[in-house]
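Q: Starting off with a structure, shown below.
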Amino acid sequence: MRYDGAHKRQHLLIEKLSPFVEWLPVCPEVDIGLGVPRPPIQVEVSAGKRSLVMPSTGENLTEKMNEYARERSSQDDMAELRGYIFKSRSPSCAIDSAPELDEAAPTGLATPQRSRGPGFFTAEMMRRHPELPIAEETALSTPASISAFVEKVCAFDRLANFFSRERSLGQMVMFTSQSRLQLQTHGESATREIDGLLSGSGGIDPEHLIPDFMSLYLKAFDEPATKPGHLRAIGRFLLDARGRVSDRDLELIEASVRRFRDDGEELAPLRNALSSIAEELELPHHIHSTYLEPYRIEIELAAAV
């Protein structure tokens, strides 16, 4: 809902995600007592200090919004979030696109050096929940972009669930092994960095590794998975299963790989076949692999890309 009572409903986003997620609507501007419709508010910069102002009345809403943001972002339901979609250009809810009007600039113009910044509520959310997957709605305008965001949301959910149960170094190594194929679809640097973190952690309390582990793990999902990445992951699986897969199964898998690579066939049947082989052969690093056992939402949205 916009300040003027209109809306910018994102139909594709809602259509794709609503069957799988629980939405938690938040409007900081309404929550601090601004009605609908209401006069617009904006971010103003003076001597390097940002303020949230309602130009029509001159009211400074900075402290009210900051107090609200500190309180709201610390509530229990926020700790349960797995992703957050913010409103672009909003003075309260943009990630990096809120216009900033500098008093030193000509009236009505943003300075080139500080033309955009975060909304006040978003800034506090990012400070308090630095690893939470976030995006502005304008960045989620295609099936591919939605699928990539959802994959990171699911990765964050797996991490959160994992660390709610396990905190040992050995379990982090096992979690990395189960995630290795999926991470490789996004590139090879993430697994190298995580392996380096864990292998060089001798004598360090595992609790102290968790922030860096989470950061490195989630950073892998900043770039979308690619077809070469999928082929690399599948190749790694086949290398691990070398000598144990029957000639007939290997022939069927290689045919599926060619159809995926050359004809654009969906990935799901191939992943199902690899998952069955992992269970049948009891391949230790691939049973319960996040790549071979994706969440249903990941399967459904990937099929639409």
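The values are calculated or read from the model by the stated rules, or taken from the named source; none is laboratory data. These numbers were taken from a predicted model, which means no experiment stands behind them. Here the Cβ positions follow ideal geometry from the backbone for every residue, glycine too, while neighbour counts run over all protein chains shown. Accessible surface is based on the protein model in full, side chains and every heavy atom, while ligands, DNA and RNA are left aside. Shrake-Rupley method; radii C 1.70, N 1.55, O 1.52, S 1.80 Å.
Q: Is it possible to state the helix-based mean residue ellipticity at 222 nm for the chain, with each DSSP H run of 4+ residues giving -39500 (n - 2.57), the sum divided by total residues, to the nearest 500 deg cm²/dmol? What is it?
A: Numbers: 13 runs with 153 residues, N = 305.
-15500 deg cm²/dmol, from helical runs alone.
Q: Follow-up question, since we're still on this one. Would you mind working out the accessible area per residue for the range 169-287, using a 1.4 Å probe, and quoting it in Å²?
A: 53
Q: What do you get for the angle between helix 206-219 and the principal long axis of the chain? Use alpha-carbon atoms, 0 to 90 degrees, nearest ten.
A: The answer is roughly 90 degrees.
Q: In debye to the nearest 20, how big a dipole does the range 27-91 give about its Cα centre with +1 on each Lys and Arg Cβ and -1 on each Asp and Glu Cβ?
A: 320
Q: FRET efficiency for Asp96 and Asn272, Cβ-Cβ distance as r, R0 = 41 Å, nearest 0.05?
A: Values: r = 39 Å, r/R0 = 0.96.
Result of the calculation: an efficiency of 0.55.
Q: If you don't mind, there's one more thing I want to ask. Along the Cα→Cβ direction, 7 angstrom out, place labels at Asp195 and Ala255. What is the inter-label distance in nm?
A: Label at Asp195, label at Ala255, 3.4 nm between them.
Q: Calculate what fraction, in whole %, of the accessible area of the chain sits on carbon and sulfur atoms when a 1.4 Å probe is rolled over the protein chains.
A: About 51 percent, which is the carbon plus sulfur part of the accessible surface.
Q: If you don't mind, another one. When the label point is put 7 Å from the Cα of Met78 along its Cα-to-beta-carbon vector, which residues of the range 135-150 have a backbone N closer than 16 Å?
A: 135
Q: Compare the peptides 149-159, 232-242 by average per-residue count of other Cβ atoms within 10 angstrom and give them in order, highest first.
A: Numbers: 149-159: 21.5, 232-242: 17.0.
Ranked from most to least packed, the peptides come out as 149-159, 232-242.
Q: At q = 0.09, 0.10, 0.15 Å⁻¹, work out log10 I(q)/I(0) for the chain with the Debye formula, treating every Cα as an identical point scatterer and leaving solvent out; two decimals please.
A: Once normalised to I(0) and log-transformed, intensities are -0.57, -0.68, -1.19.
Q: Using +1 at the Cβ of each Lys and Arg and -1 at the Cβ of each Asp and Glu in the chain, identify which of Ser73, Phe237, Ser90 lies farthest towards the dipole's positive end.
A: Ser90
Q: Charges on Cβ only, +1 for Lys and Arg, -1 for Asp and Glu, centred on the Cα centroid of the chain; of Leu197, Leu281, Ser246, which one is farthest towards the dipole's positive end?
A: Sorting the options by dipole projection puts first Leu197.
Q: If R0 is 25 Å, what FRET efficiency do you get for Asp205 and Arg165 from their C-beta distance, rounded to 0.05?
A: That gives a FRET efficiency of 0.90.
Q: Still on this model: Note down the nm distance, to one decimal, between modelled labels 7 Å out along Cα→Cβ at Ser18 and at Arg128.
A: Rounded to a tenth, the inter-label distance reads 2.9 nm.
Q: Beta carbons within 10 angstrom, averaged per residue: use that to sort the peptides 117-125, 284-292, highest first.
A: Those peptides, ordered most packed to least, come out 117-125, 284-292.
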